[in-house]
Amino acid sequence: MEQKTKINAEEGKQELTITREFDLPVELLFKAYEELELVEQWMGTRVLKLENKKHGSYQFETSHNGQVVFQANGTIHEFVPNQKITRTFEIENAPIGVQLEFLEFVKTTDDTSKLSIQIIYKSERHRAEQLKLPFANGLNMAHDKLQEIINKLK
Amino acid sequence: MNIRRDVFQAIADPTRRAVLLLVASQSMTAGAIASNFDTARPTVSKHLQILTECELLKQEQNGREIYYHLNAKKMKEVADFIEPFRKMWDDRFNKLETVMKNYKNK
């Protein structure tokens, strides 16, 4: 079975590419990035601000039990409906630094589309930090789950 | 979601890690791999199937025999933590697809 989402991170480079084919027309795929409420739903975060225009900016914030656990922001450089978004992205208080993202939306058929995101980091080391993050979060989540079960046993 | 294809799940098992170490030195048939373990042959076959499904092992036909060898590229991905990152995006994009399909049908 072919993997739907692919990551290409060549050794010795400070960039990576994420590609994904969607069972959605390109217009709907783009809308998922365009509308604040929709971004909130699939990203699983609150979107405090989303200005879809050149020199616009955006802000994400996620809270868990009343505490802010994730904050991210960026600036939009290019916004071409159904074609491309060029923007910066930064997770606050993370060692990854600012990254530059080139998002390309391509129509493959009337009902399917493809998204490719090229992400450029400050250095190869910053890219490595990015890759470690979900792994670390996954471990934390497993740990939280364990804690939850233990608390129930008490 | 097929849990078996999760590489991290695959390498969490000590027998499967032992299989990977064994095959790392040379390509081997299922029989030769099984002879290194006390476990029943079907159990070893199951482990080989899981490792093949998550692409840590590759099968190669050599005459009438099937040889297993290590997929170095996939092993490197595990080492580089690419898989959890990919999985995170895959989950996110699956969600996007569901959200937008519901949106369209509204």
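No lab work stands behind these numbers, since they all come straight from the coordinates. The structure presented is a predicted model; accordingly, all values stated were derived computationally and were not measured. Don't worry about glycine lacking a Cβ; one is built from the backbone with ideal geometry, like all the others, and counts go over all protein chains shown.
Worth pointing out:
- Here's the picture: charge each Lys and Arg Cβ at +1 and each Asp and Glu Cβ at -1 in chain A, and of A:Gly44, A:Thr109, A:Phe22 the one pushed furthest to the positive end of that dipole is A:Gly44.
- Using C-alpha pairs under 8 Å with a sequence gap of at least 6, the mean separation divided by the residue count of chain A gives a relative contact order of 22 percent.
- Seen through its C-alpha gyration tensor, with square-root eigenvalues sorted a ≥ b ≥ c, chain B comes out prolate because a/c lies at 1.5 or above while a/b is bigger than b/c.
- Placing +1 on the Cβ of every Lys and Arg and -1 on the Cβ of every Asp and Glu, with nothing else charged, gives the protein assembly as shown a dipole about its Cα centre of roughly 400 debye.
- A simple count of charges around A:Asn82, restricted to other residues whose Cβ falls under 12 Å of its Cβ and scoring Lys, Arg +1 and Asp, Glu -1, yields 0.
- Residues whose amide H falls under 5 Å from that of A:Ser57, counting only those 5 or more places apart or on a different chain, are A:Glu51, A:Ile76, with hydrogens built in the peptide plane.
- Among A:Ser63, B:Ser25, the ranking by other beta carbons within 10 Å of each residue's beta carbon, starting with the fewest, stands as B:Ser25, A:Ser63.
- The protein assembly as shown: C-alpha gyration tensor shape, a/c 1.5 cut-off, then a/b vs b/c: prolate
- Taking a ≥ b ≥ c as the square roots of the eigenvalues of the alpha carbon gyration tensor, the range A:1-102 is rounded, as a/c is under 1.5.
- Peptide A:18-29 is shielded by partner chain Cβ atoms: per residue, an average of 4 of them sit within 10 Å of its Cβ.
- Theoretical ellipticity at 222 nm over the protein assembly as shown - DSSP helices of four or more residues, -39500 (n - 2.57) apiece, nearest 500: -13500 deg cm²/dmol
- For the peptide A:128-134, the mean number of other protein chain Cβ atoms found within 10 angstrom of a residue's Cβ is 4.
- Label point 7 Å beyond Cα of B:Phe37 along Cβ direction - residues of the range B:56-83 with amide nitrogen under 19 Å: B:56-60, B:66-71, B:75
- Local electrostatic count at B:Gln59 - Lys and Arg +1, Asp and Glu -1, tallied over other residues with Cβ under 13 Å: -3
- Other residues with beta-carbon under 11 Å from the beta-carbon of B:Ser27 carry, at +1 per Lys or Arg and -1 per Asp or Glu, a net charge of -1.
- Charged-residue dipole, Cβ positions (Lys, Arg, Asp, Glu), chain B about Cα centre, Debye nearest 20: 460
- Exposure proxy ranking, count of Cβ atoms within 10 Å, fewest first, for A:His64, A:His77: A:His64, A:His77
- Which listed pairs, of A:Lys6/A:Lys53; A:Lys4/A:Lys49; A:Lys31/A:Lys84; A:Lys54/A:Lys84, have C-alpha distances above 21 Å, in listed order: A:Lys6/A:Lys53; A:Lys4/A:Lys49
- Magnitude of the charge dipole for chain A, about its Cα centre and with charges confined to Cβ atoms of Lys, Arg (+1) and Asp, Glu (-1), is about 400 debye.
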